[in-house]
Amino acid sequence: MKILVTGGAGFIGSAFVRKYAYDHELIIVDKLTYAGDLRRIEEVRDRIKFYKADVADKTAIEEIFAKEKPEAVVHFAAESHVDRSIQDPTPFIETNVKGTQVMLDACRKYGIEKFVHISTDEVYGELGEEGQFTEESPLRPNSPYSVSKAAADMLARAYHRTYGLPVVVARPCNNYGPWQYPEKLIPVVIKKALNNEPIPVYGQGLNVREWLYVDDCVEAVYLLLQKGKPGEAYNIGSGEEKRNIEVVREILRILGKPESLITFVQDRPGHDFRYSLSSDKIKNLYGWEHKVNFEKGIKFLVDWYKKYFYFLLLNAF
Ligand code: NAD
């Protein structure tokens with residue numbers, strides 16, 4: 001299958017590319033923003049085709065479709081950091097909303113067998129201590145980032161309903177793993193701790209997130225590419241919920257660093273308290289299960305950082 005992967009030089013997209021470059025013809029489209037890095041896909045560079053292009057650039061995207069005629073699209077490309085969206089929502093609307101519309105329109109024009117849109121658990125808004133989101137839960141996003149993702153998620157749904165485009169929506173929980181840009185919680189904590197620097201934690205660190213190892217996420221996305229029913233959304237979660245402070249303490253424990261490095265900072269405005277997904281749909285229909293539990297995944301990741309840390313620092317990653 002010839003698959004066009006947007007955001008394939010990003011954290012999750014690159015894990016998909018590294019894993020499936022041997023089985024499929026992959027065409028990568030990435031703007032290479034601050035969050036994109038070709039080193040992530042260097043090991044498969046001679047197996048893939050790469051286009052540096054903006055998903056919101058209709059002319060560029062149509063040229064790529066006309067030339068490559070992809071059979072499927074996996075749409076990872078996005079502005080992905082909530083804090084940046086609070087500082088300036090503009091690129092989030094441009095890339096996440098307009099970029100998704102441009103991609104969907106190109107698929108309508110050139111024809112496609114499957115379009116997997118990567119959404120997020122954040123589109124549902126926040127939960128209190130109890131409860132879980134199912135795919136039927138209403139979308140009540142709270143940050144400019146999650147609003148832009150919810151708009152894209154609904155556009156994807158609308159293109160199925162209105163135009164019959166074979167779109168499947170994936171809604172993963174928080175991912176962690178190698179090569180995540182060090183602005184997100186886990187790589188920030190590991191990097192600061194390795195450097196013996198203060199580790200900023202929002203509020204009291206009590207917010208709860210569900211954590212999924214990135215390889216498990218891309219396997220679920222691949223399954224949806226093959227089997228997902230057009231017009232349907234699927235949650236992708238591990239069920240492994242942790243308070244932010246627990247994540248930080250666990251990393252410090254593995255690294256043998258003191259908890260005195262933790263520095264509580266003013267909470268993020270509008271910070272969602274908790275996300276939690278019911279992932280019964282993808283489990284029951286397709287037998288997907290996450291394989292890497294948090295304990296194992298975080299240990300592996302800390303080792304990965306120890307191995308690459310100085311290299312990454314020297315190269316301004
Ligand atoms: P990332 O920020 O690491 O990577 C995004 C990639 O998209 C980068 O390579 C960047 O260069 C590229 N990109 C950005 N704007 C672009 C544009 N206009 N045109 C083309 N390429 C562009 O993001 P990620 O963490 O890998 O997330 C991938 C997808 O998964 C996103 O859609 C995100 O919303 C979603 N998601 C992420 C998580 C998570 O925990 N990381 C959880 C749920 C959903």
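Tell me yes or no: at least one residue of the stretch 51-69 is surrounded by fewer than 19 Cβ atoms within 10 Å (Cβ to Cβ), polar (S, T, N, Q) and either at pLDDT 95 or above or not in a loop (DSSP other than H, G, I, E, B) (or both). Looking for residues that are surrounded by fewer than 19 Cβ atoms within 10 Å (Cβ to Cβ), polar (S, T, N, Q) and either at pLDDT 95 or above or not in a loop (DSSP other than H, G, I, E, B) (or both), one finds at least one in the stretch 51-69, hence yes. In the stretch 80-90, is there at least one residue being in contact (Cβ under 8 Å) with a residue 60 or more places away in the chain and within 9 Å of the ligand (Cβ to nearest atom)? Checked against the condition, which is being in contact (Cβ under 8 Å) with a residue 60 or more places away in the chain and within 9 Å of the ligand (Cβ to nearest atom), the stretch 80-90 yields at least one hit.
Residues that are part of a loop (DSSP other than H, G, I, E, B) and under 28 Å from Lys58 (Cα atoms) within the stretch 110-138 comprise Gly111, Ile112, Glu113, Ser119, Thr120, listed in sequence order. When Glu129 is tested against (1) farther than 30 Å from Ile41 by Cα; (2) of a type outside the set (S, T, N, Q); (3) within 14 Å of the ligand (Cβ to nearest atom); (4) surrounded by fewer than 18 Cβ atoms within 10 Å (Cβ to Cβ), just one condition goes unmet, and that condition is (3).
The strands (runs of 3 or more DSSP E) found entirely in the stretch 174-219 that carry 1 or more residues being buried (at least 18 other Cβ atoms within 10 Å of the Cβ), within 14 Å of the ligand (Cβ to nearest atom) and of a type outside the set (Asp, Glu) are 174-176, 208-213. Report yes if Leu261 is modelled with pLDDT under 95 and within 21 Å of Asp83 (Cβ to Cβ), otherwise no. Taking the combined requirement at face value, the residue does not satisfy it. Is it the case, given these coordinates, that Val74 is part of a helix (DSSP H, G or I) and either touching a His at 6+ places or on another chain (Cβ under 9 Å) or buried (at least 22 other Cβ atoms within 10 Å of the Cβ) (or both)? The answer is no for Val74.
The values are calculated or read from the model by the stated rules, or taken from the named source; none is laboratory data. If you're wondering where the values come from, they're calculated on a predicted model, not measured in any experiment. All Cβ positions, glycine included, derive from the backbone under ideal geometry; neighbour counts span all protein chains shown.
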